[in-house]
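Any read-out appearing in this document is the output of simple, stated calculations on the displayed coordinates, not a laboratory observation. Just so you know, these numbers come straight off a predicted model, no measurement behind them. Please note: Cβ atoms are built from the backbone with ideal geometry, for glycine as well, and neighbour counts cover all protein chains shown.
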Amino acid sequence: MESEANLRLCYYGTRVCFKIKLIYMLLEVETKLEENPVVIEYVTNIGIILLAIFITIISLIWCFKLIESIYIDYIGGKPLFRHFYFRVRDLKSNQKRILESQFKFYNTLGIKERRYFRHRVHKFLSITEFVGKEGVIITDQHRVLVAATAIMLTFGYRDYAIRLVDKILVYPASFYSNLDKTYHKGHFNPGFRAVIFSWEDFLIGYKIEDDNLNLGIHEFIHALHLSYLKAEYKNEVTAYLFLSGLEAVVDYINSNEVCKNKIRNSDYFREYAFENDFEFVAVLIESFIETPSEFKTQFPEIYNKVKQMLNFNFKGY
């Protein structure tokens, strides 16, 4: 006990001595600066230059945001550019093969766009935790297909991050939730910052490509929608495009009785779309991604608004 007390005393004594020495050194530097006007002038000039650089950068960012907002509202209706990376990363060869063989959207892109798509998938995988539940062992198939779904939905944007998602939980099949005492195929939990999937149902969403049912798309749209509604993200370009686009869709439908009745009487949008606004936008985008030609034929005005909302100017759309 005595030796331990001595060690602690020595440790704290060393820390105190170090702090005293540091203070002394700082005072000494200050004294030398006061005695040397050339050094003071040099330091002052450096400070002024750094401040000027900082103000210039802030001003340029502000000007860019102003110009881009004008361009979006009055000219192009989309960001000035979508891709800007200091370093483009790539996937492992086996991960690329999964994209090429199992993800149709990726194969519709040009060579440069595919490279950017892989970079974004790589980034998603690097910051997102995947957790297997009830015996699921996470593989590259889980990781790549889930990440590719999220990236596809935001590929029309420059800012492709889904801010409210840190974790992906994968169950083998439908799972029981203690929150509402029922079984689910998929769920987004904003409090836990997690998207939860039944892997069986996730895969069905891609095996059947024309039924307007895709679990991955549906749950990630919920995550995007809620992310963009948060106050700290609401003024960002991506959130603005999504929310203003959705508002345009809703306003158009509400002001057009013929369109409203056609939607209600049509079998194109499943009944679940009319549960609430969140389900409506999720079903709307599921349908847009899965059956764009039919969507455009039946509801051309809504189709064009959704396309602009996602900035989805890709082959097949």
**Report entry** For q = 0.22, 0.26, 0.29 Å⁻¹, Debye-computed log10 I/I(0) when each Cα of segment 262-317 counts as one equal scatterer
**Finding:** -0.84, -1.14, -1.34
Requested in this report: Give the shape of segment 136-221 as rounded, prolate or oblate, defined through the alpha-carbon gyration tensor: a ≥ b ≥ c are the square roots of its eigenvalues, a/c under 1.5 means rounded, and otherwise the shape is prolate if a/b is larger than b/c and oblate if not.
Outcome: oblate
Report task. Treating cross-link reach as a plain straight distance, find the lysines whose alpha-carbon is under 29 Å from the alpha-carbon of residue 133, omitting any fewer than eight places away in the same chain. Result -> 92, 96, 104, 123, 167, 181, 185, 207
Report summary line: The simple spin-label model distance between residue 73 and residue 44, using points 7 Å out along Cα→Cβ, in nm, is 4.3
Query raised in the report: Once fully extended, how much extra length lies between residue 126 and residue 182, figured as 0.36 nm per residue of separation less the alpha-carbon to alpha-carbon distance?
Result: 16.9 nm
Requested in this report: Place the peptides 289-295, 165-171 in order of packing, highest mean first, counting for every residue the other Cβ atoms within 10 Å and averaging per peptide.
Outcome: 165-171, 289-295
Query raised in the report: Roughly speaking, what is the stretch gain from residue 96 to residue 274, that is 0.36 nm per residue apart minus the C-alpha to C-alpha distance, in nm to one decimal?
Result: 60.3 nm
Query - For the chain, projected area of the alpha-carbon convex hull averaged over all directions, nm² - result: 26.9
Report summary line: Of the candidates 142, 308, 213, the farthest towards the positive dipole end of the chain (Lys/Arg Cβ +1, Asp/Glu Cβ -1, centred on the Cα centre) is 142
Report summary line: Per the C-alpha gyration tensor (a ≥ b ≥ c, the square roots of its eigenvalues), segment 92-168 is rounded if a/c is under 1.5, else prolate if a/b beats b/c, else oblate; here it's oblate
Report summary line: Charge tally for neighbours of residue 249 with beta carbon under 13 Å away, counting Lys, Arg as +1 and Asp, Glu as -1, is -1
Query raised in the report: Label points 7 Å out from Cα along the Cβ direction at residue 247 and residue 167: separation in nm?
Result: 3.5
Requested in this report: List the lysines whose Cα lies under 17 Å from the Cα of residue 65, skipping any in the same chain that are fewer than 8 positions away.
Outcome: 78, 234
Requested in this report: First check a/c for segment 66-132, with a ≥ b ≥ c the square roots of the eigenvalues of its C-alpha gyration tensor; if it is under 1.5, answer rounded, and if not, answer prolate when a/b is larger than b/c or oblate otherwise.
Outcome: prolate
Report summary line: Evaluated at 20 °C and 1.002 mPa s, the Stokes-Einstein D of segment 175-317 based on the Kirkwood radius over Cα pairs, in µm²/s, stands at 133
**Report entry** Hits among aspartates and glutamates - C-alpha to C-alpha of residue 112 under 14 Å, sequence gap 8 or more where chains match
**Finding:** 90
Report summary line: If 63, 259 are placed from fewest to most neighbouring beta carbons inside 10 Å, the sequence is 63, 259
Report summary line: Rounded to the nearest Å, the spacing of the alpha-carbon centers of segment 270-307 and segment 143-222 is 18
Query - Residue-span extension gain [residue 140 to residue 64] - 0.36 nm each, minus C-alpha spacing - result: 23.5 nm
